[in-house]
Amino acid sequence: MSEQSQINRQILLVSRPQGAASVSNFKLVETPLEPLADGQVRVRNHFLSLDPYMRGRMDDSKSYAASQPLNEVMIGGTVGEIVESKNPKFTVGDKVVGMFGWQEFGTSDGAGLRKVDTAHIPLSAYLGPVGMPGVTAWLGLNRIIEPKAGETVLVSAASGAVGSVVGQLAKAAGCRAVGIAGGADKCRYVTETLGFDACVDYKAGNLYQDLKAAVPNGVDGYFENVGGEVLDAALQRMNAFGRIALCGMIANYDGSSIPLAKPSLLLTQRLKVQGFIVSESPEVWPEALGQLGGLVAQGKLKYRESVAQGIESAPEAFLGLLKGKNFGKQLVKLI
């Protein structure tokens, strides 16, 4: 590594949001890289993952995971290449997936690093369809919704990193897949490229009526990424004994409270509603990643990426993600 590359650029969380998050909550710093100790490896991160769950970690409130500490590197998944190694399990040139967060270099003893093969799967895909978002989709669909051929599966944020995989897997299971997305372009992508049977544009201003027309026979399984009015509309179309996998509630992430319009439907329709966190089910990861990797390598699982350039672009790209400005999986390209 050259002298110039001995500097690591990092983005820290320096304050907690009051309501909506802002760029001022983050700070870009330059930190010298320490020499490696025995057993350590240095990774040059190529891509950084931006995900909705990060908004919850910014708050200092009770949740399923500890809050992101202030004045430390913001949490996040990364993919990159080993550029220096004092660990016999890793050699220079190995491509790895890790959780180094919002920074250009990661230093590790190797724990939590997973080597990946980029011969048939692009490195960035290991942060999307063949990574945490893909496994999230696989788990919620197969373990909670448990789709049966002929059923209708509804997916919110259907053009996103998780939703896009849910619908394609539901189709492969013999279901009718219907998406909800924001804007005509995203809906066209959901049906024409991803192969969903229908897609409802929630920005068109007629959500419930459009959804009713798209699912005339109701909904048997619903994969929820959004919450708010989208969840309200979906609940009113659920069939008896329907299953709802609660993955994300992005409509509530800025602290605003959006009460359900008809909570009694949970009872009268005898619905199963289960929230889940993908990191709590490590036992499904090998099977899920095996299936997802095979589908991506064969070109049978389509995906799309929004790529911001440079570590300094991460805060703006993240805030855009929370507002639905991304199209597909949101990444930051670091090299």
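So the check is Cβ under 6 Å with 6+ separation or different chains; which pairs have a first residue in the stretch 298-311 that's over 17 Å from residue 163 (Cβ atoms) and a second one that's surrounded by 16 or more Cβ atoms within 10 Å (Cβ to Cβ) and of a type in the set (Asp, Glu)?
From residues that are over 17 Å from residue 163 (Cβ atoms), the pairs are 311/104.
Could you grab me the full set of residues in the stretch 70-101 that are of a type in the set (Ser, Thr, Tyr) and farther than 22 Å from residue 52 by Cα?
85, 91
Got at least one residue in the stretch 252-267 being within 20 Å of residue 134 (Cα to Cα) and out of contact with any Cys (no Cβ under 7 Å at 6 or more places or on another chain)?
There is no residue in the stretch 252-267 that is within 20 Å of residue 134 (Cα to Cα) and out of contact with any Cys (no Cβ under 7 Å at 6 or more places or on another chain).
Those residues that are in contact with a strand residue (DSSP E or B) (Cβ under 9 Å, 6 or more places away or on another chain) and either of a type outside the set (A, V, I, L, M) or farther than 19 Å from residue 64 by Cα (or both), I need them from the stretch 251-288; list them, please.
Once the filter is applied, which keeps residues that are in contact with a strand residue (DSSP E or B) (Cβ under 9 Å, 6 or more places away or on another chain) and either of a type outside the set (A, V, I, L, M) or farther than 19 Å from residue 64 by Cα (or both), the stretch 251-288 yields 265, 266, 268, 269, 270, 271, 272, 274, 275, 276.
If you go through the stretch 126-137 one residue at a time, do you hit one that is over 28 Å from residue 333 (Cα atoms), assigned by TED's automatic domain parsing to the domain that holds residue 237 and either surrounded by fewer than 24 Cβ atoms within 10 Å (Cβ to Cβ) or modelled with pLDDT of 95 or more (or both)?
Within the stretch 126-137, not a single residue is over 28 Å from residue 333 (Cα atoms), assigned by TED's automatic domain parsing to the domain that holds residue 237 and either surrounded by fewer than 24 Cβ atoms within 10 Å (Cβ to Cβ) or modelled with pLDDT of 95 or more (or both).
Any residue in the stretch 15-28 that is more than 23 Å from residue 157 (Cβ to Cβ) and at pLDDT below 95?
yes
Of all residues in the stretch 48-84, count the ones that are small (Gly, Ala, Ser) and at pLDDT below 95.
Qualifying residue count for the region: 6.
Could you tell me which numbered condition residue 299 fails, if it satisfies all but one of (1) part of a loop (DSSP other than H, G, I, E, B); (2) over 18 Å from the mean Cα position of the chain (by Cα); (3) at pLDDT below 95?
(3)
Restricting the search to the stretch 54-73, which residues are closer than 18 Å to residue 133 by Cβ, buried (at least 16 other Cβ atoms within 10 Å of the Cβ) and in contact with a helix residue (DSSP H, G or I) (Cβ under 9 Å, 6 or more places away or on another chain)?
54, 55
Given the criterion assigned by TED's automatic domain parsing to the domain that holds residue 237 and more than 15 Å from the chain's Cα centre (by Cα), identify the matching residue among 140, 150.
Answer to the check: 150.
The values are calculated or read from the model by the stated rules, or taken from the named source; none is laboratory data. Everything numeric in this text was worked out from a predicted model, so none of it was measured. Cβ coordinates were reconstructed from backbone atoms using ideal geometry, including for glycine residues, and neighbour counts include every protein chain displayed.
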